[in-house]
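Undergrad: Can you read through this structure? Questions will come right after.
The values are calculated or read from the model by the stated rules, or taken from the named source; none is laboratory data. Just so it is clear, the structure is predicted and the values come from calculations on it, not from any experiment. For neighbour counting, all protein chains shown are included, and Cβ atoms are generated from backbone atoms with ideal geometry for every residue, glycine included.
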Amino acid sequence: MWWHKLNKRYFPISFYLYIFVLLAIAPAGITTYLSINNAYRIQRQAEEENIHRANTELRTEVHRLSDDLLKITANLAGWDETRALFVDATYYNYWRDIRVKDLAQASGILDAADLYRDNGAALTSDYILTPQAHPVAIAGPAVMRQAASYYLVYFQPITVASAGKNRLLGYVGARMNLDAVTESINSAENSHINKIEWMLPSNEPVALEEAIRTARLDVAAIPEIKEFSDIIRTGFTEFLLYTLTLIIFWTVLLSLSVARPLGRLAKYLQDVYSGHADTIPVNFHGVIKIRELEDVREAINDYKHRFQSATKTLEEKNKELMHLTYHDPLTGRYNRRAFTARLEHALETAVIENKQHALCYIDMDQFKIVNDTCGHVAGDELLKQVAMLLESEIRDSDMLARLGGDEFGVLLEGCNLDKAEEVAEAMRQKVKTHRFIWHDKPFDIGISIGLVPITADNANIGEIWRNADAACYVAKDSGRNRLHIYQEHDTELVQRYGEMQWVSRLKQALDENRFVLYAQLIKPLHPGDNSQHYEVLLRLREGNGDLILPMAFIPAAERYNEMPYIDRWVIENTLRHFHNIKSHHGGKINLSINLSGQSIGNQEVLELIKNSIDTYNIDPRQLCFEITETAAMSNLADAMHFIHSLRSLGCRFSLDDFGSGLSSFGYLSNLEVDYIKIYGEFIRNVSTDALSRTIVGAINQIGHVMGVKTIAEFVENEALVKPLTDLGIDYIQGIAIHKPAPLSELFAGLSRVANSK
Amino acid sequence: MPLQQTANDMLPFSRYMSIAAVLCLLLTYALPARCETVTATLPSGVAVNAEYIVASPEKPAIIVLHGFLQTYEFMSTWNIVNGLSSLGYAVLAPNISLGVPDRKQSAQCQAAHTHTFASDLSELDFWADWLQKKGYKSLILIGHSWGSQYLLGYKVSRPKAPVIGLIAISLVRSHESRGVRQQQITLAKSRIKEHASGLQPYKLSFCEDFMATPQSYLSYAEWSDQKVLDTLAQLKHNQTPTYVIIGGQDKRSDSAWLKEVRARATELAVIEGANHFFSDAFEFELNDRLEKILHLIDAKTQ
């Protein structure tokens, strides 16, 4: 239907206002029109009725007179003396002036009479009415104007019987002044006629009905009807005018106060949408103030402010986001994404335009120490300063980016390798000579730089990244604070690539569960200590059945963050086996499990340990976790938290390779460890080298003073046992004491021993 | 007086006759057989009419003459006609035209009167001839009031007319006084002399203002009381049976007049109690008298 189409359209409020006006005016107009029309109709009917009554009154009155006239003329015609005049008209005047006048006086209405012969001619020449009667044309009464008067005339036939038949003798014509009618009408109280105007020719009788029909009547109005009609017309006209005024007033008011403000609001909203809107002024409203519109205005203004604020914030955030997308928030320099994009562009120019560029992959040395010992704030500050240092050595056209952590990248566009080497070296020197001081504590910092040329020979970005990373690794691995320039067939890089290949092999080994747990006894030296303590060791079984020692894959695993996965595997499998051996062995053995530095700060590993202890119902006191001194120092805060959490359960900790790195006894005091496993290089020479023996003795003494028991590892021959015993070492471990064996076999043996007992 | 005596002697019989007359009258009214209105035209061209009751020509026809300005339909005249209709006489009651064609109405005093007594008698001539042409050989004239003057004048002026008897009913004195009459006659005559023939009002009979020409007035005015008595005497002398009937209560009559009349008429019948018009029940008694008189006339003529 048509109104469905209508429903789909939207019209302005003014349209509905117009519709409202029409709908409001229409009934009022129709009602007024009908009422006034009815009033007119009633008045018209009344007037018509009045006219009809007037006509009837006139007709009645005239007919009454006419009847009288007819009677009189009939009387006259019947008079013998009248008929006698047709025989002898000598005394016609006597008849007319005396006899008829007597009759006229008697009747009071007759004005004059004349006699006419049967041919219509006046009986005498002394006529008053008309020389010629009109009996043929006018059979009945007629009205005739003579001079200024109107008369009702009638020519009454006069017949005589003759030979048994009536014979027309003549006519008696009589007239009656119609003023009598007017007087009669005027004298009537309820007459409907004010005035009668006969429309007649002079001296020519007109048939009575025709004369009445053509008479113009000034009809007396009926005051009550006219007053009623006037009241209705005036009332409804005023009603309509009032209604129209009210409607127009309200329409204008609504238009000015609602429609127009709404239009303004709509325009403001469009302006808001287009971003050109100003605040809607308080005087936006129309003639009257409408609370809802004011609420809308305030809401829109508020919305606009919020919108502007949000837009501004969003723009700022967007800019910030855009900045963050391509910049490092800490240093303000480009990030890896921007750097990669620039690098891709550089590669394109190298390939297409045969340009030469260079990439410096920079890794900060000692950053973790600063960060861990002085906090992140210090680390962040160091990064900023290093960025500034690096930036000071490059051109504006070059690009410096923080690639992540303590790694920076510098893209030297349009720069050959020699020049790039100069710039890289300058950067290294710049950083090296810079002393970072944090809370009066100076730090020597350095950077390891891997320099890679970017030429048309480069296959892709990935290759450039790998080469740069590998070169940087080589530089770092070569002793840090070095520059290593990538060269094809670089042996160091080959090793680096070998480590990279380990990542996939380790992942595959984990998936295929090809790791094997071994264990080695940690033997107590003090008499009476019957505890059995084993260190859990890890081997990787290759596809051909060969076992690979951990030093072959652990570095790669640590470098590529695979250690947490390996540690998880070790923890789960060790505790599961331990659970099994406990149920069979029933004895008390302790197991030491190595944890990498990456796992120490890993909350998931911590949770795994806790859950596994609960799952396998392991006495935490039977578990000891070994962490390297370097790992602990690199993540000292995390390590302290980690150690504290597990020690609170009863677990113990052993600090592995103590003395191999930057360890100090200061650090040791911060770490809640139960054992110190003295670095093997000292143990290996303890029998031959006095310094080693002194160091081991000192460590042992300090350990004991701190309540920490000492373990000497790498006891590779029996000769070492005596000096270690003499030094007071608590435990010894090495192939001279116990050759590592598969954990399953060890547990099986222990089960057999237990069962044999 | 013998007639009066006879009438008194026959009183019981007259009662029976009255009853019979009433019955006859009723029959007459009910069945007006052979009663018709006839019209005719005078030689002057004026149409005249009369009520005519046909009867055998063996008997004399009776002409009943109405009073002054009246018609035969006037009550008294009409009663007479009705009374006669049952007696086997042909009766003709003409309306004297008075100059009015086919007059059927009583003429008004104020109407223009140009007719004269002579012209009225001429019409009587006409009807007499008309009856004779119908085969009636003799006529009896009955007149009421002024009709009596007509029959007196007619018989005197037409002595050869086949009139065998006259019955004058309510033949009374003139209305106007002698002085007035004489004065009017003088005036009228002077007008005639002056050729002033216009209408003037005269006191004549019951008319206070009889609008007439001098000639008209004089023609009627000459019929003074004395002329009536003289005419009666003349007719008596000529042996014309002239009977007079007067109501005893007729105000225009008195004993002197009755005496004068009785002295000159063949017979005078006075019906006691009756007025000029013999209204009420006196019409029957009048008819009885008329019947007796008619028998007397018949008897005399045979």
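Undergrad: Scan (1) in a loop (DSSP other than H, G, I, E, B); (2) more than 18 Å from B:Ser122 (Cα to Cα) for the single condition B:Pro159 breaks and write down its number.
TA: Unmet condition: (2).
Undergrad: Tell me, which helices (runs of 4 or more DSSP H) wholly within the stretch A:1-99 include 3 or more residues that are within 14 Å of another protein chain (Cβ to nearest Cβ) and buried (at least 20 other Cβ atoms within 10 Å of the Cβ)? Break it down into steps so the answer makes sense when it comes.
TA: Values: elements: A:2-7, A:13-78, A:80-87.
Ranges flagged: A:80-87.
Undergrad: Restricting attention to the stretch A:232-271, which residues are closer than 15 Å to A:Phe15 by Cα and of a type in the set (Ser, Thr, Tyr)?
TA: A:Thr251, A:Ser255
Undergrad: Right, here's the next one. Taking only the stretch B:198-229 into account, find how many residues are within 14 Å of chain A (Cβ to nearest Cβ), under 15 Å from B:Thr116 (Cβ atoms) and of a type in the set (Gly, Ala, Ser).
TA: Here the count works out to 2.
Undergrad: Considering only the stretch B:27-137, give the strands (runs of 3 or more DSSP E) lying wholly within it that have at least 3 residues that are without any contact (Cβ under 8 Å) to a residue 40 or more places away in the chain. Even if it seems obvious, please write down each step before you answer.
TA: On the way: elements: B:35-41, B:47-53, B:61-65, B:91-94.
Here the list reads B:35-41.
Undergrad: Just the residues that are away from chain B (no Cβ under 14 Å), crowded, with 21+ Cβ neighbours inside 10 Å and either more than 29 Å from B:Val46 (Cα to Cα) or of a type in the set (Gly, Ala, Ser) (or both), please, taken from the stretch A:154-184.
TA: Across the stretch A:154-184, the qualifying residues are A:Gly173, A:Ala174, A:Met176, A:Leu178, A:Val181.
Undergrad: Spot the failing condition for A:Ser612; the list is (1) more than 27 Å from A:Arg752 (Cβ to Cβ); (2) part of a helix (DSSP H, G or I), and only one is missed.
TA: So the condition that A:Ser612 fails would be (1).
Undergrad: Something else now. From A:Arg568, A:Arg539, A:Arg482, which residue is modelled with pLDDT of 80 or more, in contact with a Ser or Thr (Cβ under 9 Å, 6 or more places away or on another chain) and under 27 Å from A:Gln733 (Cβ atoms)?
TA: Details: A:Arg539 fails: in contact with a Ser or Thr (Cβ under 9 Å, 6 or more places away or on another chain); A:Arg482 fails: under 27 Å from A:Gln733 (Cβ atoms).
Going through A:Arg568, A:Arg539, A:Arg482 in turn, the sole match is A:Arg568.
Undergrad: Which condition breaks for B:His195 when tested against (1) within 14 Å of chain A (Cβ to nearest Cβ); (2) closer than 25 Å to B:Gln108 by Cβ?
TA: Exception for B:His195: condition (2).
Undergrad: Collect the residues in the stretch A:183-203 that are of a type outside the set (A, V, I, L, M, F, W, C) and touching a Lys or Arg at 6+ places or on another chain (Cβ under 8 Å), keeping them in residue-number order. Talk me through it step by step, then tell me what you get.
TA: Within the stretch A:183-203, the first condition is being of a type outside the set (A, V, I, L, M, F, W, C), and the residues that meet it are A:183-184, A:186-187, A:189-192, A:194-195, A:197, A:201-203.
Residues satisfying the conditions are A:His192, A:Glu197, A:Pro201, A:Ser202, A:Asn203.
Undergrad: Additional query: Please determine, by comparing only the residues of the stretch B:71-114 that are away from every other protein chain (no Cβ under 14 Å) and β-branched (Val, Ile, Thr), which one is farthest from B:Phe126 (Cα to Cα).
TA: B:Ile80
Undergrad: Identify, from the list A:Lys523, A:Lys507, the residue that is modelled with pLDDT of 80 or more, touching a Phe, Trp or Tyr at 6+ places or on another chain (Cβ under 9 Å) and in a helix (DSSP H, G or I). Spell out how you get there, then give the answer.
TA: Details: A:Lys523 fails: in a helix (DSSP H, G or I).
Only one candidate qualifies: A:Lys507.
Undergrad: What is the number of the single condition among (1) surrounded by 14 or more Cβ atoms within 10 Å (Cβ to Cβ); (2) on the phi < 0 side of the Ramachandran plot that A:Gly414 does not meet?
TA: Just one mismatch for A:Gly414, condition (2).
Undergrad: Hey, A:Ile128 hits all of (1) out of contact with any Lys or Arg (no Cβ under 9 Å at 6 or more places or on another chain); (2) not in a helix (DSSP H, G or I) but one; which does it fall short on?
TA: Among (1) out of contact with any Lys or Arg (no Cβ under 9 Å at 6 or more places or on another chain); (2) not in a helix (DSSP H, G or I), the lone unmet condition for A:Ile128 is (1).
Undergrad: Out of the residues in the stretch A:417-469 that are of a type in the set (Gly, Ala, Ser) and touching an Asp or Glu at 6+ places or on another chain (Cβ under 8 Å), state the one that is surrounded by the fewest Cβ atoms within 10 Å (Cβ to Cβ). Please lay out each step first, then the result.
TA: Pass one, the stretch A:417-469, residues of a type in the set (Gly, Ala, Ser): A:420, A:424, A:426, A:446, A:448, A:450, A:456, A:459, A:462, A:468.
Going one step further and asking which of them are touching an Asp or Glu at 6+ places or on another chain (Cβ under 8 Å), we end up with A:426, A:446, A:448, A:450.
Numbers: A:Ala426: 14, A:Gly446: 19, A:Ser448: 25, A:Gly450: 28.
For the stretch A:417-469, the residue satisfying everything is A:Ala426.
Undergrad: Go through the stretch B:35-57 residue by residue and tally those that are in contact with a helix residue (DSSP H, G or I) (Cβ under 6 Å, 6 or more places away or on another chain) and either among the aromatic types (Phe, Trp, Tyr) or within 8 Å of chain A (Cβ to nearest Cβ) (or both).
TA: 1
Undergrad: If you check A:Arg213 against the conditions, is it closer than 16 Å to A:Ala54 by Cβ and either over 60 Å from the mean Cα position of the chain (by Cα) or in a helix (DSSP H, G or I) (or both)?
TA: Values: closer than 16 Å to A:Ala54 by Cβ: yes; either over 60 Å from the mean Cα position of the chain (by Cα) or in a helix (DSSP H, G or I) (or both): yes.
For A:Arg213, the condition - closer than 16 Å to A:Ala54 by Cβ and either over 60 Å from the mean Cα position of the chain (by Cα) or in a helix (DSSP H, G or I) (or both) - is met.
Undergrad: Further question on the same structure: Is there any pair linking a residue in the stretch A:22-38 that is more than 15 Å from A:Thr234 (Cα to Cα) to one that is part of a helix (DSSP H, G or I), with Cβ under 7 Å and at least six apart or on different chains, and which?
TA: These pairs meet every condition: A:Ala24/A:Ile247; A:Ile25/A:Leu244; A:Ile25/A:Ile247.
Undergrad: Checking the structure you have, find out if any residue of the stretch A:116-129 is over 60 Å from the mean Cα position of the chain (by Cα) and in contact (Cβ under 8 Å) with a residue 60 or more places away in the chain. Steps first, please.
TA: Keep residues of the stretch A:116-129 that are over 60 Å from the mean Cα position of the chain (by Cα), which gives A:116-129.
Now restrict to residues that are in contact (Cβ under 8 Å) with a residue 60 or more places away in the chain: none.
No, the stretch A:116-129 has no match at all.
Undergrad: Restricting the search to the stretch A:100-126, which residues are among the charged types (D, E, K, R), farther than 15 Å from A:Leu169 by Cα and within 14 Å of chain B (Cβ to nearest Cβ)?
TA: Taking the stretch A:100-126 as the starting set, the residues that turn out to be among the charged types (D, E, K, R) are A:101-102, A:111, A:114, A:117-118, A:126.
Next, from what is left, pick out any that are farther than 15 Å from A:Leu169 by Cα: A:101-102, A:111, A:126.
Residues satisfying the conditions are A:Lys101, A:Asp102.
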